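Below is one structure, written out as structure tokens; comments come after it.
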Amino acid sequence: MDIVELEKGYPDSEETIKRIATESGNSVEVIRGGSVSDTLHFIGDTRVISEKEGYVKELPGVMRIWNVSASYKNVAKLAAGKSGEVVRRSQRVVKVKGPDGHVRKIGAGKHIFIVGPDSPQTFEQTLEIARYARHIGEKFGILDRIILRGGAFKPRTRPTDWRGLGWEGIEILDRVREETGLPYVTEVMDHTMAAEVAKHADMLQIGTRNAQDFELLEACGQTKKPVILKRGFGNEAEEWFSAAEYIANQGNLDIVLCERGVKTLFIKEGYCRNTPDFNVITHVKKKTILPVIFDPSHVAGDDKIVVSNLLASLPFLPDGSITETLHDELFRKVQKCDAAQALIMSMYEKAVEAILTYEKMIQPIIEQIQDYFVHR
Ligand code: PEP
Ligand code: MN
């Protein structure tokens, strides 16, 4: 028993269902339907609740009970009724509120622009980028679609490489947020740090190298902060969705999946850092209720091909993107991590302009095409 469809006007039944869920350590998310019914989604491990299915079925107003066959129950798109009928759960909208009062809605049909340095290395660098991002937001009237990024704690392949400023980096991000009003997302690398980082950041990021660190996933879930979950670079889609389920099982459905490229033989030839899997964006939409964004920076490894990758992802209708940028070309020489792929902000501005044009001129046609395939 994963979802209960309840006719409107039965608050007592709703309360009873919520109580049953709480008693078994689960929570309930109520999605208010348009006219006839609401749906109650159990979040957590639903095995214990399922023992009460017979009782719940008899409660006044209960119309149908749905079961999700995928192992990632909380985030799966499709649920099946007892006689095999299928319901498509609605897309999740993940909200990130900034101190400027704007709520960024990821998954609500408009491209969300997450942008910033790979890592806050100096206050000035981070502030300049954030100010420019804000300027882009104001210029195009999309301030409510801009989020700042920056990893204070950096996972590095080689132990000799610089690993970020750590808490000092968080302090910089806090100050820049105060200065610009933009909310920020930053990476958490260890489960013992999730709660503390969550006191500062508006959104947490789990990186590709830690994408299957189950304790970290659970700890981030427990913070109840929105989480970006990058796809592990060797993960199959189902492994990725199951990783998301670890976060969801903690009662946190505010998860945004991020495709950032996978390792293939072709990267050995040196023309890209990772191979983008655009197809998986469509697959995420088919299989899960979660928003999905695309990272054009880590697939590229070279600023020359970042914009091309970003624009190439658009027909797959990602809910947004996360892009690494540079405030000043001269800084590239002293940037300690991911310098080669950092896109200068003026070029990022052009990319935003192209995306907004695409959104207006081409996206409506693409949506019609996608609609046909989704509903066929
Ligand atoms: C990053 O966003 O800087 C990063 C480390 O990303 P990924 O985990 O995708 O490599
Ligand atoms: Mn990076």
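The values are calculated or read from the model by the stated rules, or taken from the named source; none is laboratory data. Quick caveat: nothing in here was measured; it's all calculated off a predicted structure. Note that each Cβ is placed from the backbone with ideal geometry, even for glycine, and that neighbours are counted across all protein chains shown.
When only residues in segment 75-108 that are of a type in the set (Gly, Ala, Ser) and at pLDDT 95 or above count, which is farthest from residue 205 (Cα to Cα)?
Here the answer is 101.
If I ask for residues that are touching a helix residue (DSSP H, G or I) at 6+ places or on another chain (Cβ under 8 Å) and assigned to a loop (DSSP other than H, G, I, E, B), which ones from segment 1-22 would you list?
Matches in segment 1-22: 1, 2.
Considering only residues of segment 248-300 that are within 20 Å of the chain's Cα centre (by Cα) and among the aromatic types (Phe, Trp, Tyr), which is farthest from ligand 2 (Cβ to nearest atom)?
Looking at residues that are within 20 Å of the chain's Cα centre (by Cα) and among the aromatic types (Phe, Trp, Tyr), I get 278.
Please enumerate the residues belonging to segment 43-60 that are crowded, with 18+ Cβ neighbours inside 10 Å and modelled with pLDDT of 90 or more.
Result: 56, single match.
Restricting the search to segment 315-338, which residues are touching a helix residue (DSSP H, G or I) at 6+ places or on another chain (Cβ under 8 Å) and free of Cβ contacts under 8 Å to residues at least 60 places away in the same chain?
315, 316, 317
Does residue 182 qualify as being part of a loop (DSSP other than H, G, I, E, B) and away from ligand 1 (no atom under 16 Å from the Cβ)?
So residue 182 fits the description; yes.
Could you grab me the full set of residues in segment 73-108 that are aliphatic (A, V, I, L, M) and in contact with a Ser or Thr (Cβ under 7 Å, 6 or more places away or on another chain)?
75, 76, 80
Within segment 74-86, identify whether any single residue is in contact with a Gly (Cβ under 8 Å, 6 or more places away or on another chain) and surrounded by fewer than 21 Cβ atoms within 10 Å (Cβ to Cβ), and answer yes or no.
no
Say we look at segment 185-197 and pick out the residues that are touching a strand residue (DSSP E or B) at 6+ places or on another chain (Cβ under 6 Å) and not acidic (Asp, Glu); which of these is surrounded by the fewest Cβ atoms within 10 Å (Cβ to Cβ)?
185
In the set 136, 114, which member is closer than 20 Å to residue 347 by Cα and touching a Leu at 6+ places or on another chain (Cβ under 8 Å)?
On inspection, the qualifying residue turns out to be 114.
Exactly one of these conditions fails for residue 348: (1) under 26 Å from residue 270 (Cα atoms); (2) outside any helix (DSSP H, G or I). Give me its number.
Exception for residue 348: condition (2).
Report, by residue number, each residue of segment 137-175 that is away from ligand 1 (no atom under 16 Å from the Cβ), in a helix (DSSP H, G or I), more than 23 Å from residue 230 (Cα to Cα) and more than 22 Å from the chain's Cα centre (by Cα).
Hits for segment 137-175 are 138, 139, 168, 171, 175.
Kindly indicate which of 182, 165 is over 30 Å from residue 70 (Cβ atoms), free of Cβ contacts under 8 Å to residues at least 60 places away in the same chain and buried (at least 21 other Cβ atoms within 10 Å of the Cβ).
Testing whether each residue is over 30 Å from residue 70 (Cβ atoms), free of Cβ contacts under 8 Å to residues at least 60 places away in the same chain and buried (at least 21 other Cβ atoms within 10 Å of the Cβ) leaves just 165.
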